[in-house]
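In what follows, a single structure is set out as structure tokens and then discussed.
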Amino acid sequence: IRVKLFSSGGVLLSDVLPKFEHMGTKVADERPYEINPSDRAPVWIYAFGLRGDTEDLEQVRGPMREAFLGVWHGDFEDDGLNALVLRAELTGREVTVIRAVAKYLRQAGIAFSDSYMERTLLAHPDITRLFVEMFAARFDPNRFDRHDMERLETDIEEAIESVQSLDEDRILRAFLSVIGAMLRTNYYRIDERGKPRPYLSFKLDPSKVPTLPLPRPQFEIFVYSPRVQGVHLRG
């Protein structure tokens, strides 16, 4: 994969390389070019050669660019879940849904670490993509379809049945339970400029999340962004 990064100032490789690697690629080569316009300060073009695993490069070209720039500007978190852009062909915002569920499960006291959940999701990209499709079927106002939602839930349960690791099975079922417990979300709301909210929130029915300790509240709202995360309880 060839990637060009245009910058009005110098860029440190130590700032760039981890972001590419978190997206599931390896940097094979890098070539910087300094451009000296006659009417302004120098600018830079950085040409990177990346190695990554994807079935359709054209399909992920736009999402990969959007995800990298989102991480660069602080809109998306910089972690290994960004490899789902290539492996599961998700967008950066769709990865945020998966990341928010993982953060919620950690606060809910799930017994598995962030890195273990990350490895599990990356090992099963087809199931992870189905999670996002189920989320969209439930809440996208342009797509809401109860029959589609039920079909996706059945497909996910059947796919999880084939997972051999018991721990991975538990992790994937925990993700399914949280998405199934969601009652509403701000994911599809946009502002007057047509931009999405800078944070993701969702309201849940905790009785549908078996991993939550007792006593469980009647409702719970979880808010996530790269800068803050937390639970707001409602009686």
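The values are calculated or read from the model by the stated rules, or taken from the named source; none is laboratory data. Since this is a predicted model, take the numbers as computed values, not measurements. In this analysis, Cβ positions are derived from the backbone assuming ideal geometry, glycine residues included, and neighbour counts consider all displayed protein chains. Ligands, DNA and RNA are excluded from the accessible area calculation, which covers all protein heavy atoms including side chains. Shrake-Rupley method; radii C 1.70, N 1.55, O 1.52, S 1.80 Å.
Cβ-Cβ under 7 Å, sequence separation 6+ or interchain: first residue in the stretch 117-128 and β-branched (Val, Ile, Thr), partner open to solvent by less than 30 Å² (accessible area, probe 1.4 Å) and outside any helix (DSSP H, G or I). Which pairs? Listed by first residue and then by second, the contacts come to Thr128/Ala88. Of the strands (runs of 3 or more DSSP E) contained entirely in the stretch 147-235, not one carries at least 2 residues that are touching a helix residue (DSSP H, G or I) at 6+ places or on another chain (Cβ under 8 Å) and open to solvent by 80 Å² or more (accessible area, probe 1.4 Å).
Does Pro63 fit the bill of being free of Cβ contacts under 8 Å to residues at least 12 places away in the same chain and in contact with an Asp or Glu (Cβ under 8 Å, 6 or more places away or on another chain)? Spelling it out, it is not the case that Pro63 is free of Cβ contacts under 8 Å to residues at least 12 places away in the same chain and in contact with an Asp or Glu (Cβ under 8 Å, 6 or more places away or on another chain). Entry remark, the stretch 211-235: residues being over 23 Å from Glu94 (Cα atoms) and modelled with pLDDT of 90 or more number 1 in total. Looking across the stretch 97-136, just one residue is over 17 Å from the mean Cα position of the chain (by Cα) and in a helix (DSSP H, G or I), and that is Gln107.
For the stretch 38-76, filtered to residues that are within 16 Å of the chain's Cα centre (by Cα) and closer than 13 Å to Phe20 by Cβ, the residue that is most open to solvent (accessible area, probe 1.4 Å) is Arg65. Might you let me know whether the stretch 153-164 holds any residue that is in contact with a strand residue (DSSP E or B) (Cβ under 6 Å, 6 or more places away or on another chain) and either among the aliphatic types (A, V, I, L, M) or free of Cβ contacts under 8 Å to residues at least 40 places away in the same chain (or both)? Within the stretch 153-164, not a single residue is in contact with a strand residue (DSSP E or B) (Cβ under 6 Å, 6 or more places away or on another chain) and either among the aliphatic types (A, V, I, L, M) or free of Cβ contacts under 8 Å to residues at least 40 places away in the same chain (or both).
For Val11, the conditions (1) part of a helix (DSSP H, G or I); (2) at pLDDT below 90; (3) of a type in the set (Val, Ile, Thr) all hold with the exception of (1).
For the stretch 26-37, the candidate set comprises residues that are closer than 23 Å to Gly80 by Cα and out of contact with any Phe, Trp or Tyr (no Cβ under 6 Å at 6 or more places or on another chain); within that set, the residue that is most open to solvent (accessible area, probe 1.4 Å) is Lys26.
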